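J.: Here's a structure for you.
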Amino acid sequence: MRIVSLAGGIGGARFLRGLKAAAPDSEITVIGNTGDDITLFGLRVCPDLDTVMYTLGGGINEEQGWGRAAETFTVKEELAAYGMEPQWFGLGDRDFATHIIRSQMLAAGYPLSQVTEALCDRWRPGVRLLPMSDDPTETHVVISDEAGRRAVHFQQWWVRLRASVPAEQIVLVGADEARPAPGVLDAVAAADVVILPPSNPVVSIGTILQIPGIRAALEDKTVVGVSPIIGGAPVRGMADACLTAIGVETSAQAVLELYGSALLDGWLVAEEDKGVALDGVAVEARPLLMSDPEATRDIAAAALALARSLK
Ligand code: GDP
Ligand code: FO1
Ligand code: CA
Ligand code: CA
């Protein structure tokens, strides 16, 4: 079976590990979010692509969910000793190697999709990992604070401010001119089913859907989503702050309506969210906590079974 999955960082990557276990003989193509990408110290950092690559390739810091296992921070300390900014973003020594190679290849003219493929030659994630676009896009957040009303990079709002300042607007800069990366639309067209993991509906899935052509391609397919909201709260992280910014309530019902029946054919909600419904979408209630590999595999298996039943 050919499966396409969209993915953000931690939620997406953990779900994909379950999907691989649930469908070991399938060919899985992952369309990764690159809206979180940022240039730091002259290096291009792609947090969500790296989180998927490290998680599926066995290099992730499991407790944290991002960055490398057994990481050290000597380079970060040395940069700080020079007074270099930003100091609020924790790039580790092992992780730096990834960004150095990526930046060198981008400077030599390779598109991000080929760079990602080259990095995956080492990590062997067991899926085909494609960036949503080779064109650089960046999520920026409009905030108001003592410095006035301004747009900051998503990472500055998320990591530095911990989303403590309300987002007035969340914008994917560069979206209008961006094209899907090579292979993205072909993979969607060839897919038997499309699965949306419980990734952030605004700054992960919502971002990927903003690349012209991707949403329309998905609407022709059998698409099943897994709710990232359980009992009115994001399981981890600050997705509620992102939903509030776009005027959407933090609930499995509201995220279902946000995605809509043009995109979704099926929607998995947690058992405490029984009763969630939308015309044209098959809704099933299941335990949705990715508490361990077995529970995560069961969630992925349920999403696949629902998708198969709707084809
Ligand atoms: P990020 O890029 O690292 O923020 O990761 P994603 O966008 O892929 O996923 C983040 C989302 O995963 C959060 O909004 C959480 O609500 C959701 N999430 C995390 N853990 C779980 C879980 O165990 N179950 C479900 N259903 N959602 C989860
Ligand atoms: N998240 C943090 O909260 N603090 C960090 O210092 C941090 C560093 C970092 C470095 C590389 C990387 O790939 C991810 C990193 N993240 C960090 C996670 C990440 O930037 C955000 O959680 C996501 O982009 C939001 O999805
Ligand atoms: Ca992300
Ligand atoms: Ca459909």
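J.: Just wondering, is there one or more residues in the range 82-91 that are free of Cβ contacts under 8 Å to residues at least 60 places away in the same chain and crowded, with 18+ Cβ neighbours inside 10 Å?
T.: Yes, the range 82-91 contains at least one residue that is free of Cβ contacts under 8 Å to residues at least 60 places away in the same chain and crowded, with 18+ Cβ neighbours inside 10 Å.
J.: If you don't mind, there's one more thing I want to ask. Can you tell me which residues in the range 113-128 are open to solvent by 10 Å² or more (accessible area, probe 1.4 Å) and within 22 Å of GLY18 (Cβ to Cβ)?
T.: The answer is CYS120, TRP123, ARG124, GLY126, VAL127, ARG128.
J.: List every residue pair whose Cβ atoms lie under 8 Å apart, where the two residues are 6 or more positions apart in sequence or sit on different chains, the first residue falls within the range 92-104 and is in contact (Cβ under 8 Å) with a residue 40 or more places away in the chain, and the second residue, located anywhere, is of a type in the set (Asp, Glu) and open to solvent by less than 20 Å² (accessible area, probe 1.4 Å).
T.: ASP95/ASP50; THR98/ASP50
J.: Considering each of VAL223, VAL194, VAL171, VAL141 in turn, give the residue that is at pLDDT 95 or above and under 21 Å from LEU56 (Cα atoms).
T.: When all the criteria are applied, what remains is VAL194.
J.: Only one residue in ILE246, ILE205, ILE211 is at pLDDT 95 or above and either within 21 Å of LEU16 (Cα to Cα) or among the aromatic types (Phe, Trp, Tyr) (or both), so which one is that?
T.: Selected residue: ILE205, the only one of ILE246, ILE205, ILE211 that is at pLDDT 95 or above and either within 21 Å of LEU16 (Cα to Cα) or among the aromatic types (Phe, Trp, Tyr) (or both).
J.: Given VAL202, VAL184, VAL269, which one is among the hydrophobic types (A, V, I, L, M, F, W, C), open to solvent by less than 20 Å² (accessible area, probe 1.4 Å) and touching a Lys or Arg at 6+ places or on another chain (Cβ under 8 Å)?
T.: Selected residue: VAL269, the only one of VAL202, VAL184, VAL269 that is among the hydrophobic types (A, V, I, L, M, F, W, C), open to solvent by less than 20 Å² (accessible area, probe 1.4 Å) and touching a Lys or Arg at 6+ places or on another chain (Cβ under 8 Å).
J.: While we're on this one: Step by step: first the residues of the range 224-271, then only those that are touching a Ser or Thr at 6+ places or on another chain (Cβ under 9 Å), small (Gly, Ala, Ser) and not in a loop (DSSP other than H, G, I, E, B), then the one that is nearest to ligand 1 (Cβ to nearest atom). Which residue is that?
T.: ALA239
J.: Identify, by number, the condition in (1) surrounded by 17 or more Cβ atoms within 10 Å (Cβ to Cβ); (2) out of contact with any helix residue (DSSP H, G or I) (no Cβ under 8 Å at 6 or more places or on another chain) that GLU77 doesn't meet.
T.: The single condition GLU77 does not satisfy is (1).
J.: Quick test of your reading of the structure: PRO166 fulfils all but one of (1) more than 28 Å from MET105 (Cβ to Cβ); (2) surrounded by fewer than 18 Cβ atoms within 10 Å (Cβ to Cβ); (3) within 16 Å of ligand 1 (Cβ to nearest atom). Name the failing condition by number.
T.: (3)
J.: Also, I was wondering about something else. Take the range 136-163 and flag every residue that is of a type in the set (Ser, Thr, Tyr) and either crowded, with 19+ Cβ neighbours inside 10 Å or under 21 Å from TYR110 (Cα atoms) (or both).
T.: Of everything in the range 136-163, those that are of a type in the set (Ser, Thr, Tyr) and either crowded, with 19+ Cβ neighbours inside 10 Å or under 21 Å from TYR110 (Cα atoms) (or both) turn out to be THR137, THR139.
The values are calculated or read from the model by the stated rules, or taken from the named source; none is laboratory data. Note that the structure is predicted; figures quoted are calculated from it, not measured. Ideal geometry is used to build each Cβ from the backbone, glycine not excepted, and the neighbour counts take in all protein chains shown. These area figures cover heavy atoms from the full protein model, side chains too; ligands, DNA and RNA do not enter into them. Shrake-Rupley method; radii C 1.70, N 1.55, O 1.52, S 1.80 Å.
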